[in-house]
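See structure below.
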Amino acid sequence: MKTALITGGAQRIGAQIAQTLHNNGYNIIIHYRHSKQTAETLAQTLNVQRSDSATIVQAELSNLDDIQALSQSIEQLDVLVNNASVFYPTAVEEVNQDIWNNIMGTNLMAPFFLSQSLTAALKKTSGCIINIVDIHAERPLKNHAIYNISKAGIAMMTKTLAKELAPEIRVCGVSPGSILWPENEASLTDEQKNKMLNKIALGKQGDATDIANTVLFLANSPYITGQIISVDGGRTLNQ
Ligand SMILES: NC(=O)c1ccc[n+]([C@@H]2O[C@H](COP(=O)([O-])OP(=O)(O)OC[C@H]3O[C@@H](n4cnc5c(N)ncnc54)[C@H](OP(=O)(O)O)[C@@H]3O)[C@@H](O)[C@H]2O)c1
């Protein structure tokens, strides 16, 4: 039985990745930060489908001690999905060190140190790391400088770790386009949403299953490493 850890796996895209990998025979470790209730409910659902197949683990990923504790709690691992992320606008003139540390810590530092501390476990299983990137790693999204930088970093991390950790561990990425509208401080007006939709060749948002199925494909593709697949409905054709 293979085991997958999904960071930020309690809700939205992360929860769908957990569900899809579980449907395909993986045992699941759902990492969460604040969404304890949602993580517990998802784990219960998966455990009803197959007993003892899902557990939950809490960690604040911008904190290195939490990352180490999370890694040490894991005995066996085949797939690490670095999915957790923060996304909100940052006007260049308003960026301070707290904002920088929050976004870069969660989106870039955590995936690196989690990969580092889980390397030994992943080597034992000839496992893989799958990073959830963003099409804006290559073409910047206006007003989101620090987010763009963090995602450009994780794109390079995917390639450099694929080289460093081969041949025992594969490292790949999935770059979503517009899948689920952002919430809270990053939420968009209807006008902004329509403007975005008009740039997608397929004329609609993707679904979380589109990302999860690509993660599954990469997890099950033993001769692919260092590749990042865009899942964006053709959005990058119009950028
Ligand atoms: N949504 C889209 O359309 C879209 C587009 C492009 C790329 N992406 C990428 O796809 C991935 C998933 O997107 P999403 O929209 O589903 O993500 P999301 O809802 O914004 O965030 C996923 C989870 O990340 C966790 N998280 C945030 N900061 C954390 C921290 N400091 N420590 C630990 N956990 C933290 C949160 O867990 P808790 O709830 O437990 O606090 C949250 O539920 C992300 O990497 C995102 O950048 C998404």
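Taking the Cα centre of the chain as origin, work out the dipole magnitude from +1 charges on Lys and Arg Cβ and -1 charges on Asp and Glu Cβ, in debye rounded to 20. Could the numbers behind the result be given before it?
Numbers: 18 positive and 21 negative charges, 137 e Å.
Result for the chain is approximately 660 debye, rounded to the nearest 20.
Full extension from ARG50 to ALA120: what is 0.36 nm times the residue separation minus their Cα-Cα distance, to one decimal in nm? Don't skip to the end; give the middle numbers.
Details: separation 70, 0.36 × 70 = 25.20 nm, distance 2.78 nm.
Net length gain for the segment: 22.4 nm.
Please give every one of the aspartates and glutamates within straight-line cross-link reach of LYS142, meaning a C-alpha to C-alpha distance under 15 Å, and leave out same-chain neighbours fewer than 8 residues apart.
Qualifying aspartates and glutamates at Cα under 15 Å: GLU93, GLU94, ASP134.
Just to confirm a number: summing +1 for Lys and Arg and -1 for Asp and Glu over residues other than PRO222 whose beta-carbon lies under 13 angstrom from that of PRO222, what do you get? Could you put the intermediate results ahead of the total?
Details: positive: LYS2, ARG170; negative: ASP78, GLU168.
Summing Lys/Arg as +1 and Asp/Glu as -1 gives 0.
Based on alpha-carbon centroids, what's the gap between the stretch 59-90 and the stretch 166-207 in Å, whole number please?
22 Å
Step by step: find N for the stretch 198-239, compute 2.2 N^0.38 Å, then divide the Cα radius of gyration by it. What's the final number?
Values: Rg = 12.2 Å, N = 42, 2.2 N^0.38 = 9.1 Å.
It is 1.34.
When the chain is fully extended, how far beyond the present Cα-Cα distance does GLU93 get from HIS34, taking 0.36 nm per residue of separation? It would help to have the intermediate numbers written out before the result.
On the way: separation 59, 0.36 × 59 = 21.24 nm, distance 2.96 nm.
Going from the current span to full extension adds 18.3 nm.
State the volume of the convex hull built on the alpha-carbon positions of the chain, expressed per residue in Å³ and rounded to an integer.
Values: hull volume 29.2 nm³, N = 239.
Residue-normalised Cα hull volume stands at 122 Å³.
With equal scatterers on the alpha carbons only and no solvent term, can you work out the Debye log10 of I(q)/I(0) for the stretch 58-158 at 0.10, 0.15, 0.20 1/Å?
Results for the stretch 58-158 at q = 0.10, 0.15, 0.20 Å⁻¹ read -0.29, -0.61, -0.96.
Using Cα positions and a limit of under 28 Å, work out the lysines in reach of LYS36, with same-chain residues fewer than 8 apart set aside.
LYS2, LYS151
Based on the Cβ-Cβ distance from LEU202 to ALA145, what FRET efficiency comes out when R0 is 22 Å, to the nearest 0.05?
Working: r = 28 Å, r/R0 = 1.28.
The value I calculate is 0.20.
Can you tell me the order of 157-166, 44-53, 222-231 when each peptide is scored by its average per-residue count of other Cβ atoms within 10 angstrom, highest first? Write down the numbers at each step before the final one.
On the way: 157-166: 17.4, 44-53: 13.4, 222-231: 15.7.
Peptide ranking by packing, descending: 157-166, 222-231, 44-53.
Which whole-number percent gives the relative contact order of the stretch 3-232, counting Cα pairs below 8 Å spaced six or more residues apart? Before the final figure, lay out each step's value.
Details: 420 pairs, mean separation 46.4, N = 230.
Contact order relative to length: 20 percent.
Relative to the present Cα-Cα distance, how much length would full extension add between ILE224 and ASN23 at 0.36 nm per residue of separation? Walk me through the numbers before you get to the answer.
Details: separation 201, 0.36 × 201 = 72.36 nm, distance 2.22 nm.
Extra length available between ILE224 and ASN23 comes to 70.1 nm.
Could you tell me the ratio Rg/Rh of the stretch 160-239? Both radii from Cα atoms, Rh via Kirkwood.
Details: Rg = 15.5 Å, Rh = 14.3 Å.
Taking Rg over the Kirkwood Rh, I get 1.08.
Summing -39500 (n - 2.57) over the DSSP H runs of n ≥ 4 in the chain and dividing by its residue number, what mean residue ellipticity at 222 nm do you reach, to the nearest 500 deg cm²/dmol? Before the final figure, lay out the partial values.
Details: 9 runs with 99 residues, N = 239.
For the chain, the value works out to -12500 deg cm²/dmol.
Which residue fluctuates most in the GNM of the chain (Cα springs below 10 Å): HIS136, HIS22, HIS34?
Result for the chain, Cα springs under 10 Å: HIS34 fluctuates most.
Limiting things to C-alpha atoms, what are the Rg and the maximum Cα-Cα separation (Dmax) for the stretch 100-239, in angstroms?
Rg then Dmax for the stretch 100-239, in Å: 15.8, 50.
Where a number appears in this text, it was derived from the coordinates with a stated rule and is not lab data. The structure presented is a predicted model; accordingly, all values stated were derived computationally and were not measured. Methodologically, a virtual Cβ is constructed for each residue, glycine included, from the backbone with ideal geometry; neighbour enumeration extends over all protein chains shown.
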